[in-house]
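Just so it is clear, none of the values below were taken in a lab; they were calculated from the coordinates. Bear in mind that the values here come from a model prediction, so they are computed numbers and not experimental data.
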Amino acid sequence: MTNAIRLLVRGLAVALPLSCAMADDASVGNGGRLYDRNCSQCHGDELQNNAGVTFDLRRLRAAEHSRFVNSVLKGKRAMPSREGALTLEQIEDIWAYVRAHAYED
């Protein structure tokens with residue numbers, strides 16, 4: 001392997017994880033803003049559902065992604081459907097925010 005290729009590979013090995021981390025941070029930030037506008041009225045500010053009336057989103061495990069998306073799109077009990085009100089990308093950003101603040105699996 002030439003020195004130029006080695007340097008390129010090393011650079012990618014450093015840059016790719018950093019870009020993924022920055023993308024994750026951006027998703028969490030966007031998700032937090034979307035959560036504040038669309039979810040916090042019922043699920044509480046900063047996911048702090050102190051009234052206990054609605055589901056504590058911090059309890060969602062990583063494996064429950066499809067359950068989360070389905071509940072957002074279709075609604076559940078008193079929760080209205082957000083289909084058409086939120087894009088799939090916005091729902092994924094909210095999921096990133098929820099998972100960033102979730103209890104450990």
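Counting 0.36 nm for each residue step from residue 42 to residue 65 and taking away their Cα separation leaves a gain of 6.3 nm. Each residue of the stretch 84-98 was assigned a 3J(HN,Hα) from its phi angle through the Karplus expression (A = 6.51, B = -1.76, C = 1.60, θ = phi - 60°), giving x, 8, 10, 7, 4, 5, 5, 5, 5, 5, 5, 4, 4, 5, 4 Hz with x at Gly and Pro.
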